[in-house]
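The values are calculated or read from the model by the stated rules, or taken from the named source; none is laboratory data. Here the structure is a predicted model, which means the values were calculated and not measured. Don't worry about glycine lacking a Cβ; one is built from the backbone with ideal geometry, like all the others, and counts go over all protein chains shown. Just the protein is used for accessible areas: all its heavy atoms, side chains included, with ligands, DNA and RNA removed. Shrake-Rupley method; radii C 1.70, N 1.55, O 1.52, S 1.80 Å.
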Amino acid sequence: MLNKARAEKYAVGAFNCNNMEIVQAIIQAADEERAPVIVQASQGAIKYAGIEYIVAMTRTAASKASVPVALHLDHGTSFEQIMQCIRAGFSSVMFDGSKLPVEENISVTKQVLAASRPAGISVEAELGKIGGTEDDITVDERDAMFTDPREARDFVDNTGVGSLAVAIGTAHGAYKGKPELDFERLSEISSLLDIPIVLHGSSGVPDEDIKEAVSRGICKVNIDTNIRQAFTRKCRQVLEEKPEEIDPRKVLGPAREAAVEIIREKIRVFGSSGKA
Ligand code: G3H
Ligand code: ZN
């Protein structure tokens, strides 16, 4: 899915799910946009919904759609968690060793690859640190967290990983100000790597910047916060308008529709509309 996106210069949307309505929204949006899509679950989502539910809901929703759907583990931090996801039916995994010393990140990424390859599971790794918007850090500290292009090249050569998440100025969560992306760094990384590059922390990044990042080699764009915002904003609105409402379907149904809308908008920005 990502190699095709890389060849055709668009990005596949990777959307985080936590519950049935969001899984349905992701796949409905992709189906309506005729776009390939990645449903992804974090360790927190797996803890909340249960791994079997995540797999079964995605499989059921995907079976009704006519677009390619992948189920991906987002920010897996342990080898055991990754193995559980592979056994449960995930089609790809991320090993996030970005908090480890780079040598250890390389060594665990290699172990994950050795275990995943025979099962036909693709692996995303992370190099550099994609922080949170709440992290109180200076500009110099922020730059020090960015992915070093040469180190990225060595990391990929050394591990043979399938795709790489890079730190170029985005952060997880809602931004307080406008995010400043280091596009030159992205282009340099892109010119040195021959695998798909992944952008995390993409909610709140202006559409024009996302498009610029895609034109410079980003092939997978991760979105979580924007879906949570659209979903809960709609729940809040319905309950404010009808405080006496007790039917969960009347609250979660409109929230699911709001999620479909934002996901469709993102898919169009990523350029993957019509690419299924
Ligand atoms: O791994 C998930 C993404 O990086 C989501 O980031 O919540 O800022 O959209 P976001
Ligand atoms: Zn992320």
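Key figures for this structure:
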| read-out | value |
| --- | --- |
| Percent carbon-and-sulfur accessible area, the chain, ignoring ligands, DNA and RNA, probe 1.4 Å | 50 percent |
| Estimated inter-spin distance, E134 and E245, nm [label 7 Å along Cα→Cβ] | 2.8 nm |
| Residue-span extension gain [A7 to Q43] - 0.36 nm each, minus C-alpha spacing | 9.9 nm |
| Cα lying deepest toward the dipole's positive end in the chain, options Q24, S63, V139, charges on Cβ | S63 |
| Average Cα contact separation per residue, the range 1-154, under 8 Å, 6 or more apart, as relative contact order % | 16 percent |
| Descending semi-axes in whole angstrom, ellipsoid equivalent of the chain, from the Cα gyration tensor | 29, 21, 18 |
| Spread of Cα-to-Cα distances over 5 Å intervals beginning at zero, given as percent, for the range 139-205 | 4, 17, 28, 23, 16, 9, 3, 0 |
| √(5λ) per eigenvalue of the Cα gyration tensor, the range 220-264, largest first, Å | 23, 9, 7 |
| Accessible surface, the chain, averaged per residue in Å² (probe 1.4 Å) | 46 Å² |
| Relative contact order [Cα under 8 Å, 6+ residues apart], the range 2-270, whole percent | 21 percent |
| Probe 1.4 Å - accessible area at R264, Å² to nearest ten | 60 Å² |
| Exceeding the 25 Å Cα-Cα cut-off - candidates K9/K234; K176/K234; K9/K47; K220/K250 | K9/K234; K9/K47; K220/K250 |
| Nearest-10 value in Å² for the accessible area of V108, using the 1.4 Å probe | 30 Å² |
| Filtered GluC sites (Glu not before Pro), the range 190-247: DSSP coil and at most 14 other beta carbons within 10 Å | E244, E245 |
| Label-to-label distance, nm, for residues given as T60 and R268 (7 Å Cα→Cβ offset) | 3.1 nm |
| Given charges at Cβ of Lys, Arg, Asp, Glu: the range 2-270 dipole, positive-most of F95, G128, V260 | V260 |
| Set K129/K211; K110/K275; K129/K178 screened for pairs whose C-alpha atoms are more than 26 Å apart | K110/K275 |
